[in-house]
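Data block below; observations after.
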Amino acid sequence: MKVNYLTHVPYEGLGALECALIRCGHGLARTRLYAGESLPDPDAVEGLIVMGGPMSIHDEDDCPWLVEEKRFVARVLERGVPVLGICLGAQLIAHALGARVYPNAEKEIGWFPVDRMPQAAPSALDGLPTRFTAFHWHGETFDLPAGAVHLASSAACPNQAFAWGRALALQFHLEVLPSGVADLCVFGAGDLDSGRYVQAPHAMLGEPARFEPVPAWSEEVVARLFGRGR
């Protein structure tokens, strides 16, 4: 399968998902929306990943490509092909399915526990522990779309993940590697004000063991959502 992936800023790429997709036998095609690249034909997409970014889905004046991206995501979802949304990508999926996206009560930035919901199985998250510590960097959240299955929650943000058809929306960052977190700490430094769920850069980067399960978890999700190629 060829998996198209959309990026919204140059410093948020696939991270561990890239190796996971290659190991599972999938081809990759990138669209850099921030650089003005054109979206592919939504009717030809076999699999889609929508990555994160610092903008809100409502920032169409500053990011006019959001208008076309929303239509594109909605069409791909309508076709029923596998779709993975990470952070902003999850919010775009929720929006495309008619759910509200709005500021969360708290910013959630750093490593915090995520609990899988007991009714979640079977899902693409089945290979992850029932409680795991994930990386977060977001100030907005979403309501669950009609027909969605609630998959995970955290203390700061109840709606951390949902499944809808063959789509998986993750508010947390499944894919992060140390270099990606370091870049976020530089380019997103303005987000690091005080807050109950906002960690300092040294806390986010100071425990390398936090990153150790990320590649295996990424591969588990990729294999369950997109399958393994021949």
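Note on region 1-135: percent of Cα-Cα distances in each 10 Å bin, starting at 0 and stopping at the bin with the largest distance, equals 10, 39, 38, 12, 0.
Within the chain, antiparallel bridges make up roughly 55 percent of the DSSP beta bridges whose residues both belong there.
Let me know the shape class of region 97-155, please: from the alpha-carbon gyration tensor, a ≥ b ≥ c as square roots of the eigenvalues, rounded when a/c is under 1.5, otherwise prolate if a/b is greater than b/c, or oblate. It comes out oblate by the Cα gyration axes. Across region 193-199, computed HN-Hα scalar couplings (Karplus, 6.51 cos²θ - 1.76 cosθ + 1.60, θ = phi - 60°) run 8, 6, x, 5, 10, 10, 9 Hz from first to last residue, x flagging Gly and Pro.
Centroid-to-centroid, using Cα positions, region 109-170 and region 51-90 are 18 Å apart. Relative contact order, whole percent, for the chain stands at 24, derived from Cα pairs under 8 Å and 6 or more residues apart. Any idea what the dipole of the chain comes to, in debye rounded to 20, about its Cα centre with Lys/Arg Cβ at +1 and Asp/Glu Cβ at -1? About 760 debye.
If you build the Cα gyration tensor of the chain and take the root of 5 times each eigenvalue, what three semi-axes come out, in whole angstrom, biggest first? Could you put the intermediate results ahead of the total?
Numbers: eigenvalues 111, 82, 67 Å².
Ellipsoid half-lengths, sorted descending, are 24, 20, 18 Å.
Can you show me the helix-derived [θ] at 222 nm for the chain, built from DSSP H runs with n ≥ 4 at -39,500 (n - 2.57) apiece and divided by the number of residues, rounded to the nearest 500.
About -7500 deg cm²/dmol.
Backbone phi angles across region 39-55, fed through the Karplus curve with coefficients 6.51, -1.76 and 1.60 (θ = phi - 60°), yield HN-Hα couplings of 5, x, 5, x, 7, 10, 6, 9, x, 9, 10, 10, 7, x, x, x, 7 Hz in residue order; Gly and Pro are listed as x.
Pairwise Cα distances in region 22-75 exceed 16 Å for 47 percent of all pairs.
Computed from the coordinates by the stated procedures, all read-outs in this text should not be read as laboratory data. On a predicted model such as this, the values are computed, not experimentally measured, just so you know. FYI the Cβ positions are ideal-geometry reconstructions off the backbone, even for glycines, and counts take in every protein chain you see.
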